[in-house]
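The values are calculated or read from the model by the stated rules, or taken from the named source; none is laboratory data. On a predicted model such as this, the values are computed, not experimentally measured, just so you know. Backbone-built Cβ (ideal geometry, glycine too); neighbour counts: all protein chains shown. What goes into the accessible areas is simple: the full protein's heavy atoms, side chains included, and nothing from ligands, DNA or RNA. Shrake-Rupley method; radii C 1.70, N 1.55, O 1.52, S 1.80 Å.
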Amino acid sequence: MMPDDQRLYQVLADHFQFSSFKPGQKEVLSALLAGRQTLAMLPTGAGKSLIYQMMGYLRPGTVVIVTPLLSLMQDQVARLNYMGESAVVALNSTLTGAAKQAVLQQLGHYKFVFISPEMLGQKAVIEAFKRIRLNLLVIDEAHTMVSWGPDFRPDYLSLPTLHQALGRPQLLMLTATATPTMIQELKTAFGATDDWYTYVQSVDRPNIHLHTEQLPDHKAKDQRLLTLVQTLRGPGIIYFSSRKLATTMANWLQTETGRQVVAYHGGLDQVARYRIQQQYMAGDIDVIAATSAFGMGIDKADIRYVIHYHLSSDIPSYLQEIGRAGRDGQPALAVSLYVPGDERLQLHLIDQGIPSSQTIERFATKQGERTGIADVQQRLLTYYLDLAGYSIPQVKAFFGQRRSQRQTDLYQLVQYVQANEHLRAQLMHYFNQSSAEGVDVNESSGAANLKLEALGLVAKQTGRHKSTLTPWSDQLKKLFKLA
Amino acid sequence: MADAHVLTLFSATQARRSRVLYGLLRKQATVSTEYWGLRYGLLSIAGFLPQLKKEQFDQAVATWQQAGALSMVSPGQYRLTTMGQAKRSEFEQVHYQPRFFSAWQKYQVGHFRDVFLLANQVLSEWAYHNRHYYPLQIQPADMFAVKHWFMQAKSPQLIQEWADQLAAFLKTLAPKEADQWIATWPGHQIAGLNDDQVQLPSHYDELDYWAWQTDMYVSLLVWLATTKQQGPLTDFAQHFAQPRGLSSSARQTLSAVEAGWSLSAISQKRGLKVGTIREHLLTAAIWLPLADFPYALFLTERIRAYFQQRLVGSIDEWTFARVRQTDDPHEFFLFRLYEIHETKLGGDHDAG
């Protein structure tokens, strides 16, 4: 058998056509091959997925990847398909009963199975996994287990139990954003006494220029956004908190700038999402007006800017979102546009996600109707009160604490978007890290201080007009390479 | 759903139950809902809006009633007023009007769209000898089925014949519409455009887009079925265009009946209640064309004569009480089956 190192490079070349690893990849792979439980914190764009893809080719058995978002799952499957790998499947709620049965019966034939935590929690699914040889259990976006975003999934909390039920297969937890405390919590959840290998890389992305602007009102914010979209060299992403606003603003920006601006959100069907992703990858779309559903799995290297029209939920999410920019290492820009009071929207989302004391009471005593309680809250309460067996006072105290934690996290981000200096230092401080480059490098605040020329981020082209449709007979020839 | 869309579900001549319309849209269909869907000529909308909320729908109906566009005939049952008719035609002038509406009920269009788009993409990439691409992500079982079809269908003439059949169909459309529809297909280095990118009228909403796409796929399927052209696209459609409305269990029941089994024998063999077996048969009768259901096995001449004598006037007004003799639930089954038969014989009730 060839030495591990040599095998690693061989598989890397054979399956991925690379000759060298990105920082961290080889270290994590070596730990995995040595059989250690592993947690890796690598910044977005560092090539996290390559690690488990490699494991699929380095060892026999099925690699199971627990993934929170459907869009991310589909994207990963498509990427593996693209590489010529067909033994890959996504097991999630979009599957029909019959399709799911078919997949479960063939489970051992798949080299990679992407699965939602809800699906993995089902008895029949666990039983099917118990019958096959597992290569590795990967928990992607592992911080989801201990952080508390609006997309929080109670089922993530069951993962340590499911890990146990599966006979404790080797684990790989991946995250781009976790504080030292969160990392410790994650390891403790799965087995504090295990032999853990932890790899933590700096969250800093030195090539992304950080920029904040405070504006007096929304009208001023819209105008500033318009100017930025007109001026900036794309491709870009603008983040919004609501589907409706993403759609309205996309239409408005497209009309005003002549650039191709398209809305992308969780409400689109899979074919529509596919077309938008492919158009964006191909450069047919200049700007995506997105909700947080977009981009978890998007691997477009040349995104030049990310603008936040609305706040993210906290600093880790913010870093995750701006981390889509500049993956090619070229200069990129992260702009935050803030109007006093913008945080109200996020505070509202926190309230929607976390049940109040009255709601807990109502749910637990079943005196009132459960129907008035939002789905996400019902799922949480079912988990804590019915399944995990917590008492009502415990749950109240716990949610109270969670609420204030999320508010604190939000206010740390608010401090950032309100700040005029030490931007990078603030982001890094959240992770107890400091910038290797020193302080206050590559950042600015206020419209007047954003030197786009110096950054090389001024658009060379103005907006293009919508092209006319190709006549169908020509399009048919193009589709099928006919003379 | 946009309020004005609701109006298109009501008629000026036939009183319609809002509960039935809601059940159809959600596809929370009981046999009774489906029967009334047939009577209203609206089976095609079954499952149109699976996410629709009851309050939302009721609110829309209430709003139109208050505005004077709908009049309540009996609790929960409404008819379009003259003003409602005017509003409805106003709406119809600016929104997409399906041309193959009654044929929508024949096929599972969403499913066919997915497999067609993937197959078309696979062929396009194959034409360019490209194996490295992002396949459209549809249901894994469907992806597998398309792959399997492609393996079987592969031949040196496949691309040309597929394209020829498509061209022959596209020629039947208005040129602009053909340009618009083909622009939505992904292929080799072609991402495909979404409905809001193909220059359809700018005031169209999601339901208009959906209706337009549905119409395009149904018109292709209808064209393939009526021209009886030979070719790979015909074979593909025969294989993949699944009929709507019937569960596989209902299909099994129907085959057993056609093979001469009695209802009680089927019930015993399959461990199902006779009531369930009857529901399967009614569902099959509702969804299938007149000739595809063995009515004569149940509606004997004697039974028909009995019904004919007692059931007169508009089918909507018929009541079971007029023909009932005993407590045997089979009597209701025969009554409903006769209603379905007579509805189909008279042609499906006009949706207007």
| said: When you check A:Ala165 against the structure, is it open to solvent by 30 Å² or more (accessible area, probe 1.4 Å), without any contact (Cβ under 8 Å) to a residue 40 or more places away in the chain and in contact with a helix residue (DSSP H, G or I) (Cβ under 7 Å, 6 or more places away or on another chain), yes or no? | reply: yes
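For B:Val122, are the conditions met, namely being in a strand (DSSP E or B) and either touching a residue at least 12 places away in the same chain (Cβ under 8 Å) or open to solvent by 40 Å² or more (accessible area, probe 1.4 Å) (or both)?
Values: in a strand (DSSP E or B): no; either touching a residue at least 12 places away in the same chain (Cβ under 8 Å) or open to solvent by 40 Å² or more (accessible area, probe 1.4 Å) (or both): yes.
For B:Val122, the condition - in a strand (DSSP E or B) and either touching a residue at least 12 places away in the same chain (Cβ under 8 Å) or open to solvent by 40 Å² or more (accessible area, probe 1.4 Å) (or both) - is not met.
Table: residues versus (1) small (Gly, Ala, Ser); (2) free of Cβ contacts under 8 Å to residues at least 60 places away in the same chain; (3) within 14 Å of another protein chain (Cβ to nearest Cβ).
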{"site": "A:Tyr52", "(1), (2), (3)": "no, no, no"}
{"site": "A:Gly56", "(1), (2), (3)": "yes, no, no"}
{"site": "A:Val64", "(1), (2), (3)": "no, no, no"}
{"site": "A:Leu69", "(1), (2), (3)": "no, no, yes"}
{"site": "A:Val89", "(1), (2), (3)": "no, yes, yes"}
{"site": "A:Leu107", "(1), (2), (3)": "no, yes, yes"}
{"site": "A:Lys111", "(1), (2), (3)": "no, yes, no"}
{"site": "A:Ile126", "(1), (2), (3)": "no, yes, no"}
{"site": "A:Phe129", "(1), (2), (3)": "no, no, no"}
| said: Residues that are closer than 25 Å to B:Ala103 by Cβ, at least 1 per element: which helices (runs of 4 or more DSSP H) completely within the range B:246-352 meet that? | reply: B:248-258, B:274-287, B:329-345
| task | Could you tell me whether the range A:242-250 includes any residue that is touching a Phe, Trp or Tyr at 6+ places or on another chain (Cβ under 7 Å) and either within 14 Å of another protein chain (Cβ to nearest Cβ) or not small (Gly, Ala, Ser) (or both)? | result | yes
| said: Please pick out the residue among A:Ala31, A:Ala78, A:Ala46 that is open to solvent by less than 40 Å² (accessible area, probe 1.4 Å), within 17 Å of the chain's Cα centre (by Cα), of a type outside the set (Phe, Trp, Tyr) and closer than 26 Å to A:Ser202 by Cα. | reply: A:Ala46
| Out of all the residues in the range B:125-177, which are open to solvent by less than 30 Å² (accessible area, probe 1.4 Å) and not hydrophobic (A, V, I, L, M, F, W, C)? | B:Glu125, B:Pro135, B:Gln137, B:Asp142, B:Gln165, B:Glu177
| query | Name the residues in the range A:292-323 that are in a loop (DSSP other than H, G, I, E, B), at pLDDT below 90, touching a Ser or Thr at 6+ places or on another chain (Cβ under 7 Å) and of a type outside the set (Gly, Ala, Ser), would you? | reply | A:Met296
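Restricting attention to the range A:264-290, which residues are farther than 19 Å from B:Pro135 by Cα and within 10 Å of chain B (Cβ to nearest Cβ)?
Looking only at the range A:264-290, we keep the residues that are farther than 19 Å from B:Pro135 by Cα, and these are A:264-267, A:285-290.
Selection gives A:Gly267, A:Ile285.
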| remark: With the first residue restricted to the range B:320-331 and required to be touching a residue at least 12 places away in the same chain (Cβ under 8 Å) and not assigned by TED's automatic domain parsing to the domain that holds B:Gln308, and the second required to be in a helix (DSSP H, G or I) and open to solvent by less than 80 Å² (accessible area, probe 1.4 Å), Cβ contacts under 6 Å at 6 or more apart or on different chains are none
| said: Looking at the range B:36-53, I want the residues that are in contact (Cβ under 8 Å) with a residue 40 or more places away in the chain and have a partner that is assigned to a loop (DSSP other than H, G, I, E, B) and of a type in the set (Ser, Thr, Tyr) with Cβ atoms under 6 Å, at least 6 apart or on another chain. Which pairs are those? | reply: none
| task | Kindly indicate whether A:Gly61 is at pLDDT below 95, open to solvent by 20 Å² or more (accessible area, probe 1.4 Å) and more than 18 Å from B:Asp142 (Cα to Cα). | result | no
| query | Which of the residues belonging to the range A:227-249 are open to solvent by 10 Å² or more (accessible area, probe 1.4 Å) and within 22 Å of A:Gln461 (Cβ to Cβ)? | reply | A:Thr227, A:Gln230, A:Thr231, A:Arg233, A:Gly234, A:Pro235, A:Met249
| A:Gly267 is checked against (1) open to solvent by less than 40 Å² (accessible area, probe 1.4 Å); (2) assigned to a loop (DSSP other than H, G, I, E, B); (3) modelled with pLDDT under 90 and fails just one. What number does that condition carry? | (1)
| message | Among the numbered criteria (1) over 20 Å from A:Ala176 (Cβ atoms); (2) out of contact with any Lys or Arg (no Cβ under 8 Å at 6 or more places or on another chain); (3) open to solvent by less than 30 Å² (accessible area, probe 1.4 Å); (4) in contact (Cβ under 8 Å) with a residue 40 or more places away in the chain, which one does A:Tyr318 miss? | response | (1)
| Filter pass, B:Glu301 being at pLDDT 90 or above and closer than 23 Å to B:Tyr107 by Cβ | no
| task | Please go through the range A:250-264 and pick out each residue that is over 23 Å from A:Gly456 (Cα atoms) and buried (at least 22 other Cβ atoms within 10 Å of the Cβ). | result | A:Ala250, A:Val262, A:Ala263, A:Tyr264
| said: Checking B:Tyr107 against (1) within 12 Å of chain A (Cβ to nearest Cβ); (2) closer than 28 Å to A:Thr94 by Cβ; (3) under 24 Å from the mean Cα position of the chain (by Cα): exactly one of these is not met. Which one? | reply: (1)
| remark: For helices (runs of 4 or more DSSP H) lying entirely in the range A:370-483, having 2 or more residues that are open to solvent by less than 70 Å² (accessible area, probe 1.4 Å) and either under 24 Å from A:Gln320 (Cβ atoms) or within 14 Å of another protein chain (Cβ to nearest Cβ) (or both) picks out A:375-381, A:392-418, A:423-430, A:472-480
| task | Pick out the one residue from A:Gln279, A:Gln201 that is modelled with pLDDT of 90 or more and either buried (at least 17 other Cβ atoms within 10 Å of the Cβ) or within 22 Å of the chain's Cα centre (by Cα) (or both). | result | A:Gln279
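Okay, residues lined up against (1) surrounded by 18 or more Cβ atoms within 10 Å (Cβ to Cβ); (2) modelled with pLDDT under 90:
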position	(1), (2)
B:Gly23	yes, no
B:Leu38	yes, no
B:Leu42	yes, no
B:Ala46	yes, yes
B:Glu55	no, yes
B:Thr63	no, no
B:Ala67	no, no
B:Met72	no, no
B:Arg79	no, no
